[in-house]
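I have placed the structure first, in the form of structure tokens, so that the comments after it can refer back to it.
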Amino acid sequence: MNVRNDGCNALEIGDELRVIDYFERKIRLKDFEVWKVRIGEYAYVLAIIDEYESNLVDDEDDFRENTVSCSYFSEQEVRDEYREPLGQFARQLTDHLALAHCQVNIEFFTTSPDQAITERMQKMYGYLESDIPLEKLWHFNQD
């Protein structure tokens, strides 16, 4: 298999080029973002969550002030050839955090995206996406 990664969320596999051909931010709160991402016919939901936890990375000299998790949710298992472009997309959205001494973790989960987002919003904020107070939607950031 010929694999070429061009660094622009594109992955060439043989004669096929796999790119993220659609993405849209659905929720933007101070410490929680949700993105819908699509590669061809496959849909994924990316949740970026500020964990507010420090982290010691691999060795004692690499202390990170904070941890941010990037979690992809999908009804079907993420295809192996899509993991790299999806990971690149998450890294592009969080590059500034890595520079600010944050540990960024990227994970993939096979579960209902709607249920996963609902559970996280309920746990973090005590309300659902449909219950975000209207006054939080009047500004650039929904907080």
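The values are calculated or read from the model by the stated rules, or taken from the named source; none is laboratory data. Bear in mind that the values here come from a model prediction, so they are computed numbers and not experimental data. Methodologically, a virtual Cβ is constructed for each residue, glycine included, from the backbone with ideal geometry; neighbour enumeration extends over all protein chains shown.
Do we have E60 as in a loop (DSSP other than H, G, I, E, B), modelled with pLDDT under 90 and over 28 Å from D21 (Cβ atoms) here? Spelling it out, E60 is indeed in a loop (DSSP other than H, G, I, E, B), modelled with pLDDT under 90 and over 28 Å from D21 (Cβ atoms). If only residues of region 6-30 that are at pLDDT 90 or above and acidic (D, E) are counted, the one that is surrounded by the most Cβ atoms within 10 Å (Cβ to Cβ) is D21.
Looking at T67, T118, T94, T110, just one residue is farther than 13 Å from V37 by Cβ and at pLDDT 95 or above, and that residue is T110.
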